[in-house]
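*Asks:* Attaching a single structure in structure tokens format; questions to follow.
Read-outs: derived from the displayed coordinates by stated rules, not from any lab. What you are looking at is a predicted structure, and each value in this text was computed from that prediction instead of being measured.
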Amino acid sequence: MRELPEDDGWLRSRQRQIGQRVQAARQQQNLTQDALYLATGLDRRTVQTLEAGTGNPTMATLLRISYVLDVPLADLVK
């Protein structure tokens, strides 16, 4: 078992990576953020902050996005 680092910098890095993967999957399908938030039933701000890497998405949010984009959840959070 690993011990957590002293600061949360690694969390912010992972959040940015997830946001970049969501954005890349969305753009690959030629979808706008508006199309994604409407299709998922999420708030516009939720999608914006997630893609910016500043949000703290719930599992339900990530599942909705992976379902709508037809991308395995594991591909978004790997």
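*Asks:* Over the Cα atoms of region 2-46, each weighted equally, I'd like the Debye log10 I(q)/I(0) at q = 0.16, 0.24, 0.31 Å⁻¹, rounded to two decimals.
*Replies:* -0.56, -0.85, -1.10
*Asks:* Could you bin all the Cα-Cα distances of the chain into 10 Å bins starting at 0 and give me the percent of pairs in each, rounded to whole numbers?
*Replies:* Distribution as computed: 19, 54, 19, 7, 0 percent.
*Asks:* What relative contact order, as a whole-number percentage, does region 9-77 give when Cα pairs under 8 Å and 6 or more residues apart are counted?
*Replies:* That works out to 41 percent.
*Asks:* Something else about it: If I build a Gaussian network model for the chain, linking alpha-carbon pairs within less than 10 angstrom, which residue out of G53, G41, G19 has the largest mean-square fluctuation?
*Replies:* Of G53, G41, G19, the Gaussian network model singles out G41 as fluctuating most.
*Asks:* Helix-only estimate, please: 222 nm mean residue ellipticity of the chain, summing -39500 (n - 2.57) across DSSP H runs of length 4 or more and dividing by its residues, to the nearest 500.
*Replies:* -20500 deg cm²/dmol
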